[in-house]
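The values are calculated or read from the model by the stated rules, or taken from the named source; none is laboratory data. Model, not experiment: these values are computed from the prediction. Counting neighbours? That spans all protein chains shown, and the Cβs are built from the backbone with ideal geometry, glycine included.
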Amino acid sequence: MSSQAQPVLEVDGLVKHFPISSGLFSRSRDKVRAVDGVSFAVAKGEVLGLVGESGSGKTTVGRTVLRLDTPTDGTIRFLGNDITHLKRGQLRPFRRQMQLVFQDPFSSLNPRMRVDRIIGAPLAIHEPGMKAAERASRVEDALAMVGLPRNSGERFPHEFSGGQRQRIGIARALMLRPELLVADEPVSALDVSIQAQVVKLLLDVRAQLGLTILFIAHDLAVVGHVSDRVAVMYLGKLVEIADTRTLFSDPRHPYTEALFSAAPVPDPTIRRKRIVLAGDIPSPINPPSGCAFRTRCRYALPRCAQEVPPLREVGKGHLKACLRDDLDLVPWQSQALTAASA
Amino acid sequence: MTPQPTTASADGPPLLEVRDLTVEFRGQTGKVAAVNGVSFDVRPGETLALVGESGSGKSVTSLAIMRLIQRAGGNRVGGSIRLRRRSGDTVDLLAVSEDEIREIRGTEIAMVFQEPMTSLNPVHTIGAQVAEGIVFHRRVSRKAALAEAVELLDLVGIPEPQRRIRNFPHQLSGGMRQRAMIAVALACKPNLLIADEPTTALDVTIQAQILELLQGLQRQTGMSIVFITHNLGVVAEVADRVLVMYAGRIVEEAGVVPLFGRPLMPYTQGLLRSVPRLDMMSGAHEELEAIPGNVPDPTAMPAGCAFHPRCAHFRPSLCDTAVPGLEPADPEHSVRCARWRDVAAGVPA
Amino acid sequence: MTADTAIAPHGGQTLRRSTRYRTLRRFTRHRLAMFGLVVIVLLVMACAIGPSLVPFDQFQLNMRARFREPFATVHILGTDELGRDLLARLLMAGRISLTIGFAAMVIAVTVGTIVGTIAGFYGGAIGSALMRFVDAVLCFPTIFLLLTLAALVSPSILTITLIIALTAWMEVARVVQGQIRALRERDFAVAAEAMGAPDRWIMFKELLPNAVAPIVVAATLIIARGILLESYVSYLGYGIQPPVASWGNMLEKAQQYLTTAPWLALLPGLMITLAVASFNFLGDGLRDALDPRSDLT
Ligand SMILES: Nc1ncnc2c1ncn2[C@@H]1O[C@H](COP(=O)(O)OP(=O)(O)OP(=O)(O)O)[C@@H](O)[C@H]1O
Ligand SMILES: Nc1ncnc2c1ncn2[C@@H]1O[C@H](COP(=O)(O)OP(=O)(O)O)[C@@H](O)[C@H]1O
Ligand code: SF4
Ligand code: SF4
Ligand SMILES: [Mg+2]
Ligand SMILES: [Mg+2]
């Protein structure tokens, strides 16, 4: 991961607003500000984690970055190419180099297709000249790589469990050896004991293939486990981004602190005082003025309602979007330790 | 502050005694024993966590306690569920009359579900739904009940309860709906609250709110809580005692500290090792261990110990012949494993 | 990653077999649908091979054997006003009615599926333009449309088939459009898009196979309607022209003799009812059996 090398993905000022259609004739001026100015870059071979609450815009970032949605504003550069405004046909050559793994292992596989056709589809589309026998052997290799029996291809998706379907989805995504993988909550829908299997699989293939991954999740522990760097989203904006170790040991944004505090720790000997955020995440149709987090922030000042905090550097590669620098936030470890010793 | 293993455990007999509970569903693919010989006690004032993967029988157990399982169509509910009522009598919930169980539901046992949207009635206001239980069970006037509903909504932390009682469920956020659901459950001050994955559909920050709320309410009212979840982090935070379920059976039962500190059943051990923790940051990938294989198909249960196809300690002809019994490793810690002594002694797999 | 390669998939073969089995069982349990299926099979067989077994030709006149009653002579179902064997005519008419019904269905389903798929897939301007057009055609009273067209073009089997198809494809288009639009939002369609699959692939390989069930149901109902419409226009004299027999024009002729030879009207009427009802029953049964809520586990 040399910092000189060109990033695989560069996102600059990404905005995605969804219009709210309120009936046939009245065109409402309201819109859902799903993503509201997000910038980040992912270096080759890096795993960038994206965390945030439901509705914070993680999926929208993932889908827009892959140009499954068209951004309202901003630029997306993939391997140095500006793909922001490419048409569907023009995007096709890039498609083989960027892939997606879905959250829902049940709706992401076509129920009427056999597994070998599902996994072979990327080949059939991008290498239509390939001989059937070669395709079949590539499919078998892919199945073996994700730890499924070689003969799984003859079956239909509903014959597999959630974890196995997720493996099928990963095999399909990796078929063309993509450069970039966007994994949108790939383990959230799985059983606890299966989650670890899929996380390990992703880490294995990443090591084998040198994949670059945008890993979306709402579980901080999973994200921290998988990612080299972590970006925290709130209401369509990035509020903090840093390498995993720094973020976990030295969070600088009040929202990050609260997220850590809310995450339950699987150790009954630690009973901490949780920082409980009041209220819900506000509506992205009408976000609060100034700092979007101010309605739930325990450190909010009057000026937080006026100024929109820019994402600015507070350490090497550590950025945050909070107006206050005088805060002494507690990383999760000390939250735990103080509680245990008390 | 280390948790006291059940402050209330000493005072008197258990509130609820479940003995040999068995629930069989007859489906098109044959009989499925969703719950198989489950026995446990719920003590007054404690939080008992029921953990296990999806399909392990957690929800069926809780529905059986509420007697909400249809016995028609060849479904069978066996065993006994003895509840110590407020009056001091002990009754078997599986044997009491329809009228009596209806009276018990809501007044003495109440339930909170995972998806509040499906368990709240979409066509009635929140206020009406909270008040309904009060009117039904305590026969007070509608006006008094509504006033009490406002208090309850306030108690569960819904802002502006005066205004919110007029809202319909879809007008509330997920977290608020769950609060409303809890308010409905608490309307008649039950002794036992069964919460089936009450935070699974919620964000961590909202989950923290709901956990805080439930714990606070328990401190105030002294009710017992059966807390069903698959999230071990949540278990560690709320539970006094833990039941681990696998494939319809209890496989381990212990206080929360011994369970996390010295798990004896290989499944529990695997489960604990497969949870990523905040202290296992990037760079420490190796620590995460996955349990191989899948949860068994309920129509094709493995013989003997149902966990044996996935178990590293598996011994042929020992583990795959008879179902191991639930043995006490010490008075407060039981385990269902033919090799628990070896496992506990650290004999390598 | 290797440890679990040996574990057989959850549920495995049993699950898949049982899904199909359950679909089949739901269907076989549907009494009326089974009745419909049996009647349809018998009807098709009778119309296909029956005429060659009956010792009379449908056009063979016999002025000495007019108005023979059924079951009284060698003419099992009797004869008509020109002494033609009624059974032979009914079966040949059945051939025509069923052929028209099937052919109209094939055309309507093909056109409707293509229009519906394109409208559902592209949505936006193309989609809404197509669907507006469909709605406009749907607004026309079918019978009126049918009669106008039948009066304008010279009636033949081909034109009648086309006209019936013309009045039936819109419903298929509607159903398919709705399905495709819903399926488009599913993750597997997004996955295909993310793979860079061409539109044709997404429409016909990914989406359409998932919309087969409602199309099959619609197809069955279209056959029923086709038979009914053909009878109707023929009855009104705009359809199949005598001497070629169709249930509809047989019925029309029989009107004059309603009191003297009621079987002449009764029998074709019965055939129409039987065929139409059977296809409707079959459609209902398929709808229940293929219900995706119970089909997809
Ligand atoms: N097609 C759409 N039309 C209108 N609004 C949308 C659309 N897609 C997403 N949104 C809105 O955009 C916001 C962000 O949604 P997004 O799905 O990106 O969130 P997320 O962070 O992935 O949440 P989750 O954790 O629940 O998956 C939400 O308020 C959502 O309702
Ligand atoms: N009404 C029912 N009919 C048939 N099987 C059922 C029914 N309800 C639950 N089951 C089965 O019982 C088993 C246990 O389910 P459940 O208690 O819901 O699991 P969980 O531990 O996830 O709550 C599962 O195999 C489930 O499919
Ligand atoms: S800018 Fe103000 S409101 Fe926003 S996070 Fe910082 S202190 Fe809180
Ligand atoms: S009984 Fe055998 S297979 Fe089951 S958990 Fe114990 S050692 Fe493993
Ligand atoms: Mg999402
Ligand atoms: Mg459940």
Among (1) more than 8 Å from every other protein chain (Cβ to nearest Cβ); (2) part of a helix (DSSP H, G or I), the one test that residue A:186 misses: (2)
Where residues in region B:188-205 are within 14 Å of chain A (Cβ to nearest Cβ) and modelled with pLDDT of 85 or more, which of them is farthest from the chain's Cα centre (by Cα)? B:205
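With the condition being more than 30 Å from residue C:22 (Cβ to Cβ), I'd like the helices (runs of 4 or more DSSP H) fully within region C:181-297 carrying at least 3 qualifying residues.
On the way: elements: C:187-195, C:212-235, C:247-254, C:263-289, C:292-295.
Where helices (runs of 4 or more DSSP H) fall fully within region C:181-297 and carry at least 3 residues being more than 30 Å from residue C:22 (Cβ to Cβ), they are C:187-195, C:212-235, C:247-254, C:263-289.
Can residue B:57 be described as within 15 Å of the chain's Cα centre (by Cα) and touching a residue at least 24 places away in the same chain (Cβ under 8 Å)? Outline the logic, then answer.
On the way: within 15 Å of the chain's Cα centre (by Cα): yes; touching a residue at least 24 places away in the same chain (Cβ under 8 Å): yes.
Considered against the rule, which asks whether it is within 15 Å of the chain's Cα centre (by Cα) and touching a residue at least 24 places away in the same chain (Cβ under 8 Å), residue B:57 comes out as yes.
Within region A:148-183, which residues are of a type in the set (Asp, Glu), in a helix (DSSP H, G or I) and out of contact with any Leu (no Cβ under 6 Å at 6 or more places or on another chain)? Even if it seems obvious, please write down each step before you answer.
First, pick out the residues of region A:148-183 that are of a type in the set (Asp, Glu): A:154, A:159, A:179.
Those left that are additionally in a helix (DSSP H, G or I): A:154, A:159.
Scanning region A:148-183 gives a single hit, A:154.
In this structure, does residue A:123 turn out to be within 8 Å of chain C (Cβ to nearest Cβ) and among the aliphatic types (A, V, I, L, M)? If you could, list the steps in order and put the result at the bottom.
Values: within 8 Å of chain C (Cβ to nearest Cβ): no; among the aliphatic types (A, V, I, L, M): yes.
Here the answer is no, as residue A:123 does not meet what is asked.
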Of all residues making up region C:183-241, the number that are in contact (Cβ under 8 Å) with a residue 24 or more places away in the chain, within 14 Å of another protein chain (Cβ to nearest Cβ), out of contact with any Phe, Trp or Tyr (no Cβ under 9 Å at 6 or more places or on another chain) and farther than 25 Å from residue C:289 by Cβ: 0
Is it true that some residue in region A:195-207 is away from chain B (no Cβ under 11 Å), in contact with a helix residue (DSSP H, G or I) (Cβ under 8 Å, 6 or more places away or on another chain) and over 15 Å from residue A:50 (Cα atoms)? yes
Would you mind telling me which numbered condition in (1) crowded, with 24+ Cβ neighbours inside 10 Å; (2) within 16 Å of ligand 5 (Cβ to nearest atom); (3) farther than 22 Å from residue A:13 by Cβ residue A:218 fails? (1)
Of (1) at the interface with chain C (Cβ under 10 Å from one of its Cβ atoms); (2) in contact with a Ser or Thr (Cβ under 8 Å, 6 or more places away or on another chain); (3) farther than 30 Å from residue A:221 by Cβ, residue A:71 satisfies every one except (1)
Residue count for region B:58-117, restricted to those that are touching a helix residue (DSSP H, G or I) at 6+ places or on another chain (Cβ under 7 Å), of a type outside the set (Phe, Trp, Tyr) and assigned to a loop (DSSP other than H, G, I, E, B): 4
Could you check region A:202-218 and list, in sequence order, the residues that are part of a strand (DSSP E or B) and either within 16 Å of ligand 1 (Cβ to nearest atom) or aromatic (Phe, Trp, Tyr) (or both)? A:214, A:215, A:216, A:217
Tell me, which residue of region A:47-59 that is small (Gly, Ala, Ser) and in a loop (DSSP other than H, G, I, E, B) is nearest to the other protein chains (Cβ to nearest Cβ)? A:54
Suppose we filter region B:151-187 for residues that are surrounded by fewer than 22 Cβ atoms within 10 Å (Cβ to Cβ), in contact with an Asp or Glu (Cβ under 8 Å, 6 or more places away or on another chain) and away from chain A (no Cβ under 14 Å); how many remain? 1
Scan region B:306-322 and report the pairs whose first residue is within 16 Å of ligand 2 (Cβ to nearest atom) and whose second residue is assigned to a loop (DSSP other than H, G, I, E, B), with Cβ atoms within less than 7 Å and a gap of 6+ or a chain change. B:306/B:247; B:306/B:296
Failed condition for residue A:221, given (1) under 20 Å from the mean Cα position of the chain (by Cα); (2) modelled with pLDDT of 90 or more; (3) not in a strand (DSSP E or B), with all others met? (2)
From the list B:71, B:43, which one is away from ligand 1 (no atom under 16 Å from the Cβ), without any contact (Cβ under 8 Å) to a residue 40 or more places away in the chain and not aliphatic (A, V, I, L, M)? B:71
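For (1) surrounded by fewer than 22 Cβ atoms within 10 Å (Cβ to Cβ); (2) of a type in the set (A, V, I, L, M, F, W, C); (3) more than 28 Å from residue C:150 (Cβ to Cβ), each residue gets a yes or a no:
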residue	(1), (2), (3)
C:211	no, yes, yes
C:223	no, yes, no
C:229	no, yes, no
C:232	yes, no, no
C:277	yes, yes, no
When residue A:249 is evaluated against the numbered criteria (1) of a type in the set (Ser, Thr, Tyr); (2) in contact with a Gly (Cβ under 6 Å, 6 or more places away or on another chain); (3) more than 7 Å from every other protein chain (Cβ to nearest Cβ), which criterion, by number, is the only one it fails? (2)
In region C:263-289, what residues are closer than 19 Å to residue C:46 by Cα, small (Gly, Ala, Ser) and more than 18 Å from the chain's Cα centre (by Cα)? C:269
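Please indicate, with yes or no, whether at least one residue in region B:210-218 is within 14 Å of another protein chain (Cβ to nearest Cβ) and within 16 Å of ligand 2 (Cβ to nearest atom).
We begin by selecting, within region B:210-218, every residue within 14 Å of another protein chain (Cβ to nearest Cβ); these are B:210-216.
Next, only the ones that are within 16 Å of ligand 2 (Cβ to nearest atom) stay: none.
Checked region B:210-218: no residue is within 14 Å of another protein chain (Cβ to nearest Cβ) and within 16 Å of ligand 2 (Cβ to nearest atom).
Does residue B:297 satisfy the condition of being away from every other protein chain (no Cβ under 14 Å) and surrounded by fewer than 21 Cβ atoms within 10 Å (Cβ to Cβ)?
Details: away from every other protein chain (no Cβ under 14 Å): no; surrounded by fewer than 21 Cβ atoms within 10 Å (Cβ to Cβ): yes.
Considered against the rule, which asks whether it is away from every other protein chain (no Cβ under 14 Å) and surrounded by fewer than 21 Cβ atoms within 10 Å (Cβ to Cβ), residue B:297 comes out as no.
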